[in-house]
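The values are calculated or read from the model by the stated rules, or taken from the named source; none is laboratory data. Note that this is a predicted model, so its numbers are computed, not measured. With ideal geometry, Cβ positions are generated from the backbone for all residues, glycine too; neighbour counts draw on all protein chains shown. For the accessible areas, the whole protein counts, side chains as well, though only heavy atoms, and no ligand, DNA or RNA atoms are used. Shrake-Rupley method; radii C 1.70, N 1.55, O 1.52, S 1.80 Å.
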Amino acid sequence: MEHNRERRDTRAKRKPKKRGRGFKVIMTIVLIFVITMAMLTCMAAAYIKNVILPEADLKLDSFNPNLTSTMYYRDPETGNYVEMQDLYAEENRVWVKIDEMPQDLLDAAVAIEDKRFYKHNGVDWVRTAKAVTCMFTGSKVQGGSTLTQQLIKNITSEDDVTVKRKVTEIFRALEFEKNYSKEDILEWYLNYIYLGQRCNGVYTASYKYFGKHVSELSLAECASLIGITNNPSKYDPLGHLEIVDEKTGEVTTSRDFNKQRQELILKSMLEQGYITKEEHDAAVAEELNFDNGKDTQTNSAIYTWYEDAVIDQVLEDLMETYDWSEEYAKNQLFSGGLEIYTCMNPTVQAAVDEIYNNRENLNFTSAAGQPLQSAITVIDNTTGDVVALAGGMGEKTTSRGWNRAIDSLRPPGSSIKPLSVYAPAIELGYITPSSTYVDSPYDTEKGWPVNATGKYQGTVSVAKAVRESINTVAVKVLDEVGTQTSYEFMRDRFRIQLVESRGIGDTNYTDIALAPLALGGLTDGVSTYEMAAAYSVFPRMGTYKEPRLYSVVLNGSTQEVILDNTQEVDENALSERTCFYMTEMLQDVVTGPSGATGTRANFSGQDIAGKTGTTTSRKDLWFVGYTPYYTAAVWTGYDQQERLASGLKNPSTTLWQQVMSKVHAGLPYKEFAQPDTSQMKAVTICSVSGKLPGPACGGHLTTQYFFPDDVPTGTCTVHKIEAPKPSGGGGGGGAGTTGGGETTPPEGGGEGGETPAPETPPEEPAVPTE
């Protein structure tokens with residue numbers, strides 16, 4: 001018993017010691033925890049300071065909001081600019097200021113997305129705590145992000161699900177609201193959110209769904225629009241989603257889901273005091289008309305030929321003006337919110353499209369299976385603006401592809417003669433329309449060149465040579481002018497770039513030669529864009545205007561001028577005298593007597609002048625012509641050069657007539673500009689010799705206007721009164737002659753159309769036509 005008592009006493013004495021040891025263990029654990037937490041806190045603080053905070057300071061001006069650029073054209077009836085095409089890379093966005101947005105739109109966004117928006121400082125701690133709780137308990141996670149946090153995620157494009165990203169977002173939101181007002185945040189948010197149908201921001205979405213500016217939206221429409229952003233694939237009212245209830249068979253569409261979401265937003269607005277019960281009920285009852293009012297273009301949209309040309313020109317000018325790379329210039333064009341004011345005339349372009357979009361107007365296929373192609377450029381004579389163009393025939397299937405109106409360089413054939421031969425010769429005083437030349441080979445040994453008709457006509461006037469596109473006279477006149485002078489004339493007066501010298505292998509090619517400059521067999525060729533600009537000098541009485549596709553490019557937000565295309569200085573390329581004579585002769589090409597090559601371009605109601613062109617083997621056919629209003633150049637051929645069937649009349653002439661007759665329908669008659677006619681003299685001359693008529697010129701008389709110094713003084717010696725023939729005599733004219741002084745070569749040469757001879761004299765190097 002005594003022993004047991006001693007043992008109990010011993011245990012009793014030991015108990016305090018046991019409690020002391022446990023306490024120490026607990027305190028040790030607590031201390032370790034505190035130290036660990038302190039270390040973690042220090043580490044977290046260091047992490048936040050060194051990793052999170054450097055990323056937390058966001059400046060809105062450092063972000064490109066990917067603004068949509070817009071092309072405009074001027075309505076010729078109202079004079080107002082009209083939207084023509086939107087340009088954007090990945091996001092279709094037009095920025096709209098918050099003061100242009102209806103208050104209902106702002107309230108709807110706040111009510112459904114962040115009801116404590118005006119109370120918190122960037123982070124809604126209540127919603128954040130609920131979201132964390134739901135995450136750990138496995139409940140349905142409710143969105144905890146504020147509008148500020150959503151905006152940050154949108155502009156940074158950071159949406160990875162990591163702790164770092166969420167922590168960074170919180171600190172960014174807190175810092176963000178120190179630097180920007182609630183109005184700033186709302187404006188950026190509503191311009192940034194994606195609203196389906198490739199619409200970024202409320203501006204493009206408002207036009208897409210309701211066909212009106214965002215400022216005109218009703219309460220019901222505001223709620224419907226804001227409802228989309230939560231899940232565009234579900235709430236897009238123009239979407240094609242259909243959900244079938246397996247039990248009832250009831251079908252719920254995207255539009256139904258949008259209506260449900262709209263009513264939820266309206267209910268939230270009512271509960272939060274943004275609207276009255278009457279306003280709520282009226283908005284719920286309002287019928288929504290989704291009329292898809294403005295077709296917002298997508299990346300897969302097909303730009304028109306004109307739009308393609310404007311895009312290329314603006315890109316080129318941005319790179320040249322600011323020394324930008326092509327990639328950077330593209331980014332600015334498609335994402336910089338630019339306003340591009342084009343020179344397109346919708347009436348003229350519609351006439352071009354009506355003809356060129358219809359493949360039946362040129363429905364021919366080559367032996368190799370190529371479809372026959374064509375291109376046209378139309379220029380306003382007064383302004384020098386390119387008002388319409390088409391880079392191909394038939395339906396356009398790609399954007400920014402090969403634009404034949406600008407990109408294709410093709411030999412112009414005889415359509416080059418007015419520019420390279422006759423205008424320089426008149427300007428420099430070598431010829432007048434009444435000057436005469438012998439229609440015979442320039443190189444008698446080679447018999448070069450031949451004419452399209454295979455005939456030589458003896459003495460002819462320059463006017464007749466132009467009218468009938470006589471090759472021999474063009475070569476002889478050019479020989480007087482000089483090939484170097486002609487080359488410089490083309491380059492400096494008409495801005496057409498030719499090849500001065502190019503070595504390919506052992507062969508040197510040059511356009512400074514008789515064959516290229518007189519007959520149009522150029523090394524590279526010319527485009528319809530260049531030819532229309534050059535020919536427009538004639539109706540403009542000598543002034544060259546640089547052709548332009550746009551007038552000005554502005555920054556859409558600041559209205560700062562980015563590119564100014566209105567400051568081009570007009571250049572005096574030709575005298576009025578030269579232009580008057582050239583127009584007189586080129587009118588005869590279209591309206592002249594038998595032998596004129598361009599009569600199929602004629603239509604009633606306007607004065608018309610122009611010139612045809614056909615290259616060797618009929619591989620390229622041209623017509624370049626003008627009225628007092630417009631100048632147009634048309635090319636026809638195959639993309640990979642092939643001969644056009646000889647039975648096919650020059651389709652360029654026909655296409656020119658089809659387009660221009662529509663363009664001028666309803667326009668009043670207008671004469672070509674004239675010099676002071678009081679200083680000119682009307683003189684009757686012999687149309688063959690260009691001299692004053694003799695007694696035998698009765699059937700060859702014509703009246704022309706001349707400047708005083710150009711009036712012919714000599715008398716025709718071509719026509720003579722023949723003495724009576726003795727009876728019984730045989731004879732007639734000498735061998736190789738025809739009536740009227742015409743001679744024929746021993747054998748016919750040349751091909752159908754105005755084809756230059758395939759051979760060139762020894763001193764003329766061969767010039768490729770491709």
In Å and from the alpha-carbon atoms only, list the Rg and Dmax of the stretch 579-641.
12.6, 38
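What do you get for trypsin sites (Lys or Arg not before Pro) in the stretch 394-455 restricted to DSSP loop and a cutoff of at most 13 other Cβ within 10 Å of the site's Cβ?
Filter output for the stretch 394-455: Arg400.
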So what is the orientation-averaged projected area of the stretch 292-436, using the convex hull of its C-alpha atoms, in nm²?
14.6 nm²
Take the alpha-carbon centre of the stretch 250-291, take the same for the stretch 599-640, and report the distance between them in whole Å.
62 Å
Highest to lowest packing among 204-216, 695-707, 326-338, scored as the average C-beta count within 10 Å:
204-216, 326-338, 695-707
At what distance in nm do the modelled label points of Asn555 and Asp570 sit from each other, each positioned 7 Å from its Cα along Cα→Cβ?
3.4 nm
Positive-pole candidate from Thr253, Ser224, Asn191, dipole of the stretch 185-257, charges at beta carbon:
Asn191
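Sort the following peptides by mean Cβ neighbour count (other Cβ atoms within 10 Å, averaged over residues), highest first: 100-107, 114-121, 314-321.
Values: 100-107: 18.6, 114-121: 14.9, 314-321: 16.8.
Descending packing order for the listed peptides: 100-107, 314-321, 114-121.
Sort the following peptides by mean Cβ neighbour count (other Cβ atoms within 10 Å, averaged over residues), highest first: 554-567, 677-690, 461-474.
Working: 554-567: 13.6, 677-690: 16.9, 461-474: 26.6.
Per-residue Cβ counts within 10 Å, averaged per peptide and sorted highest first, yield 461-474, 677-690, 554-567.
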Net charge, Thr276 excluded, C-beta distance under 14 Å - Lys, Arg +1, Asp, Glu -1:
-4
Hey, what do the phi angles of the stretch 415-424 turn into as Karplus ³J(HN,Hα) couplings, whole Hz, using 6.51/-1.76/1.60 and θ = phi - 60°, x for Gly and Pro?
5, 7, 4, x, 8, 9, 10, 6, 4, x
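Within the set of other residues whose C-beta is less than 11 Å from the C-beta of Ile98, count the net charge using Lys and Arg as +1 and Asp and Glu as -1. Numbers along the way, then the final one.
Values: positive: Lys97, Lys182; negative: Asp99, Glu100, Glu183, Asp184, Glu187.
Local net charge: -3.
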Which value, to two decimals, describes the C-alpha radius of gyration of the stretch 482-555 once divided by 2.2 N^0.38 Å?
1.34
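Working with all protein chains in place, sort Tyr581, Tyr235 by solvent-accessible area computed with a 1.4 Å probe, largest first. It would help to have the intermediate numbers written out before the result.
Details: Tyr581 5, Tyr235 30 Å².
Solvent-accessible surface, decreasing: Tyr235, Tyr581.
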Per the rule of 0.36 nm per residue minus the C-alpha distance, extending Thr444 to Lys720 adds in nm 96.6 nm
